[in-house]
Amino acid sequence: MKFEELEKPLNVTAVITKLCLQVGIAIGVLIVVVYCGVIGYYPTGVTLGDGFLFIAACLAFSFSYSLVVIALFSAGITLTPIIRLLQSVCLYVYNRARRFADKEIVSYRINFPELGGDKFGIVFFGLVILSFILYMFLKNIEVAYGLLFSSIVMGFIYGLWNTDPKAGKLDGKTDKKVKASLVLVAFLVPLIVSKSQGNILNQAMTLIGIRTQSAEVFVSEKYTKFLKANDVKSAKALDKGAIYSATVLFNGIGTNTVIETGEMTLIIPSKEIIIGMEKR
């Protein structure tokens, strides 16, 4: 095979790779910013090295978050036969009421394609996710309801993706914008809809090392006095500080570390703190 024959596929691959990298960083940055908003802190004193770490963290988060979106989307597709049935029942009842009021019946429907053999893999994966959601009802009902509702919303997004607008076919450019909007909404659904959004953010941040759920933290004396004045008890008092059982909310990027201990959230310069974790 000549180099000229390989050149075009290689160029296309390079463009796709670059686009995926840019989209991954953009999504990761967006979600990390959301997390910073949730904990009420944005990193300061970010160096060039921290910038590279931040980009790596964003990509890692983007990857892990994308897996959550794909899982919920698969569960949503698996639920579409039930959603289609409920749509038919609701439209039937609604149109009976409209006939009674001498109004025109509504015939427009969201299109939920039949699940054929070509979607076996998606349905199987979706059933696994739905089984996990059912299991979560035994552990945490709020999280389970959030995941189930997110899956239902994903099912509607899948239906809208396959539905022509009521006004008829859109032109190609507008149709692409609509599809792009649906993709964006699908990515934001777990954050907007799910009651487990805190868990999703926290687990992802733990995965990339920004957050530590359970840690023993040594805090220098001047910050120990502040915590003591706010009735936050230490696990062990030392000569020039104290050790606290804490959750590290943000660490590794910028000059400060954010910890949560007791009812207090504290922003401390990283040089004034030592973080210890139990060996697992």
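The values are calculated or read from the model by the stated rules, or taken from the named source; none is laboratory data. From a predicted model like this one, the values you see are computed outputs, not experimental measurements. Here Cβ is always computed from backbone atoms with ideal geometry, including for glycine, and neighbour counts include all displayed protein chains. Note: areas computed on protein heavy atoms with side chains; ligands, DNA, RNA excluded. Shrake-Rupley method; radii C 1.70, N 1.55, O 1.52, S 1.80 Å.
Applying a threshold of 8 Å to beta carbon distances and a minimum spacing of six or more residues, or different chains, the list of pairs starting in segment 109-120 at a residue that is within 22 Å of Tyr92 (Cβ to Cβ) and ending at one that is open to solvent by 70 Å² or more (accessible area, probe 1.4 Å) and assigned to a loop (DSSP other than H, G, I, E, B) reads Asn111/Asp164. Considering the conditions (1) assigned to a helix (DSSP H, G or I); (2) over 20 Å from the mean Cα position of the chain (by Cα), Phe132 is excluded by exactly one of them, (2).
Taken over segment 245-280, the criterion of being within 20 Å of Asn202 (Cβ to Cβ), of a type in the set (S, T, N, Q) and open to solvent by 40 Å² or more (accessible area, probe 1.4 Å) is satisfied by Ser245, Asn251, Thr265.
Among the residues of segment 231-244, those identified as open to solvent by 70 Å² or more (accessible area, probe 1.4 Å) and either of a type in the set (D, E, K, R) or touching an Asp or Glu at 6+ places or on another chain (Cβ under 8 Å) (or both) are Asp231, Lys233, Lys236, Asp239, Lys240. If you go through segment 97-114 and pick out every residue that is open to solvent by 100 Å² or more (accessible area, probe 1.4 Å) and closer than 18 Å to Ile82 by Cα, you end up with 2. Residue-level analysis places Leu72 outside the set of residues that are closer than 19 Å to Leu201 by Cβ, at pLDDT 80 or above and open to solvent by 70 Å² or more (accessible area, probe 1.4 Å).
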